[in-house]
1. Among the aspartates and glutamates, which have Cα under 15 Å from the Cα of Lys139 when same-chain residues fewer than 8 positions away are ignored?
2. May I ask for the angle, rounded to the nearest 10°, between helix 189-199 and the longest principal axis of the chain, with both axes built from Cα atoms and the value confined to 0 to 90°?
3. Per DSSP H run of at least 4 residues, take -39500 (n - 2.57); add these up for the chain, divide by its residues and hand me the 222 nm value, nearest 500 deg cm²/dmol.
4. Report the full-extension gain for the segment Thr97 to Arg48: residue separation times 0.36 nm, less the Cα-Cα distance, to one decimal in nm.
5. Gain in length, Cys249 to Lys139, computed as 0.36 nm per residue apart minus the alpha-carbon separation, to one decimal in nm?
6. Expressed as an acute angle from 0 to 90° and rounded to the nearest 10, what is the orientation of the C-alpha long axis of helix 146-158 relative to the principal long axis of the chain?
7. Compare the peptides 169-175, 49-55, 251-257 by average per-residue count of other Cβ atoms within 10 angstrom and give them in order, highest first.
8. Taking the Cα centre of the range 248-298 as origin and charging only Cβ (+1 Lys, Arg; -1 Asp, Glu), how large is the dipole, in debye to the nearest 20?
Amino acid sequence: MLAPQRGGTYVDATLGMAGHSVGILGRFPETVVIGLDQDAEALELANRRLSRFSGRFKTFQANFEQIGGVLRKANVGGVSGVMADLGISSLQVDSETRGFSFRFDAPLDMRMDPSSGDATAADLLGELPEEDIANLIYKFGEERHSRRIARRIVERRNKGAAVASTKELADLVASVVRRGKHDKIHPATKTFQALRIAVNREIDALEKFIPAAIDVLDKDGRLAIITFHSIEDRIVKQAFLKFSGRCSCPPRMPKCICGAAKIVEILTKRPIVPGEEEIEANPRARSAKLRAVRKLEL
C-alpha cells in the first residue's frame, strides 16, 4: 500500500522496534525513513537495529500527532508516505514492569512515555469518580460489565485498598466478569485496553494525526494505517471517507458543515486483513486491519 520508491522519504509514525522501517530501508536502497515513537526504550532499540542504514534514517521521541512539527524540525517538506501501526507494541506488552499486561504482576502504569509525568492507570482508578471509570471502560473497551467493574474498583478504594497492580486489577475484573466456556480472551482484556487508551490519549491523538499526516504528503503520497480494534478502525474509516469527499451531513442539510473535501483517494474499499498463515505465524495479527489512501493533487 505504501508503494515505496527509490529516493522517497517515508515516516514510520509508530516506530516501535522498527520492523516496518527495516522493511522499507532494506528493500529500497535510496529511501529515507523518519521514525517517531513516544517510548524512549523503543527508540534506543530501534536505533541499534537501524544502525546499518546509517545516514538514511532519523528518529524522534514524539507522539505521532506531532508529525508536522517533527518534519519541520527535520527540515523535511512533503513526504512520499506515512504509516502507523496503532496500539501497543510487542516490546511494551512483553514488558514485565510497564503494567500493560496482566501476564505479569507489575505496577499499573501503562504510559507509553513513562517520563511524561502524565497520570498512570493506577492514578485514574484512584482518583476518578465511579461514573467516569465506568464510562471510560465502556467507551474505550466496549465492556458491557463496565458499571459493575467500576463499582467494585471504587468499593475497594473506599476501604483504603486502591487498585495499584496489574494482578489486582485482573483478579478484580475476573471476579465480576465470568469467562464463558467458549471465551478465548481473559475477562480483563477489555478493561486493560480501555485504561491504556485513556492513559495515552490514543483516540484524541489518532483523530489529530490523520489530517496532519495527510497534510504532509506530497501529491500521490500514501498514508497506511493498521488498527487492532473496532474503535480505531471506525475512526480511520470515517476520516478517510471524509477526506475522500464523502459528506456525512443529514440529507436535507442545505449546506455541508461536516468539512468533507476530496483530498485523497481511498485505496482499500475494504480493510486488508491477515490470512490464516499469517495469523498462525503471528497470533497478535489476528485482529489487524489495514486501510490506505493516496493524496490527490489539490
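1. The qualifying aspartates and glutamates are Glu130, Glu131, Glu202, Asp204, Glu232, Asp233.
2. 60 degrees
3. Result for the chain: -11500 deg cm²/dmol, rounded to the nearest 500.
4. 15.4 nm
5. Gain on extension, Cys249 to Lys139, equals 37.2 nm.
6. 60 degrees
7. Ranked from most to least packed, the peptides come out as 169-175, 49-55, 251-257.
8. With Lys and Arg at +1 and Asp and Glu at -1, about 460 debye.
All of the numbers you see were taken from the coordinates with simple rules; none came from a lab. Keep in mind that what you see is a predicted model, and the values were worked out from it rather than measured. Heads up, the Cβs are rebuilt from the backbone with ideal geometry, glycines too, and the neighbour counts pull from every protein chain shown.
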